[in-house]
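Before any comments, here is the structure.
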Amino acid sequence: QVQLVESGGGLVQPGGSLRLSCAASGNIFRFLHMDWYRQAPGKQREWVAVITRGGRINYADSVKGRFTISRDNAQNTVYLQMNGLKPEDTAVYYCHTNEGGTDYWGQGTQVTVSS
């Protein structure tokens, strides 16, 4: 079983930056592919970025060039650096992984981009 805890959300002005963190429990983190998703009010949850256990990275087109995903296996943590934030990035951001066929989600962290 994997527990995920996100942090780092907040209120930021358009054009600003935030760094989200997701800490994972246990000792299998280095074997896990890790994703970030987000869900805006009234919308479906959407995938944002992935970093595989081997370090391969991919992004949704909507965040490509602005967001950077990274991981620190020694700290059991995955990060999402968000630059050039836009009002449409406002959402609850969730960390996700799948282990043994079971999906695990964090509780989410709110990101609000507003002037």
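The values are calculated or read from the model by the stated rules, or taken from the named source; none is laboratory data. It should be emphasised that the depicted structure is a prediction, and the values quoted were computed from it without experimental measurement. Because the Cβ atoms are built from the backbone with ideal geometry, glycine has one as well, and the counts that use them run over all protein chains shown. Side chains are part of the model used for accessible areas, which takes the heavy atoms of the whole protein and leaves out ligands, DNA and RNA. Shrake-Rupley method; radii C 1.70, N 1.55, O 1.52, S 1.80 Å.
List of remarks:
- Within region 53-74, being open to solvent by 30 Å² or more (accessible area, probe 1.4 Å) and either within 28 Å of LEU11 (Cβ to Cβ) or of a type in the set (Val, Ile, Thr) (or both) holds for ILE57, TYR59, ASP61, SER62, LYS64, GLY65, ARG66, THR68, SER70, ARG71, ASP72.
- Residue within region 34-43 that is open to solvent by 30 Å² or more (accessible area, probe 1.4 Å), basic (Lys, Arg), farther than 17 Å from SER7 by Cβ and in contact with a helix residue (DSSP H, G or I) (Cβ under 6 Å, 6 or more places away or on another chain) present: no
- Residue match in region 43-53 (condition: over 12 Å from the mean Cα position of the chain (by Cα) and aromatic (Phe, Trp, Tyr)): no
- ARG38 being part of a strand (DSSP E or B) and either free of Cβ contacts under 8 Å to residues at least 12 places away in the same chain or touching a Phe, Trp or Tyr at 6+ places or on another chain (Cβ under 6 Å) (or both): yes
- For region 1-25, residues that are open to solvent by less than 50 Å² (accessible area, probe 1.4 Å) and out of contact with any Phe, Trp or Tyr (no Cβ under 7 Å at 6 or more places or on another chain) total 9.
- Residue selection: VAL48 fails the criterion of being in contact (Cβ under 8 Å) with a residue 24 or more places away in the chain, under 29 Å from GLY100 (Cβ atoms), of a type in the set (A, V, I, L, M, F, W, C) and surrounded by fewer than 17 Cβ atoms within 10 Å (Cβ to Cβ).
- The single condition from (1) closer than 18 Å to THR109 by Cβ; (2) touching a helix residue (DSSP H, G or I) at 6+ places or on another chain (Cβ under 9 Å) that GLY10 fails is (2).
- Of the residues making up region 54-71, those that are within 11 Å of the chain's Cα centre (by Cα) and hydrophobic (A, V, I, L, M, F, W, C) are PHE67, ILE69.
- Which listed residue, of THR77, THR90, THR109, is in contact (Cβ under 8 Å) with a residue 60 or more places away in the chain and either closer than 15 Å to GLY10 by Cα or open to solvent by less than 30 Å² (accessible area, probe 1.4 Å) (or both): THR109
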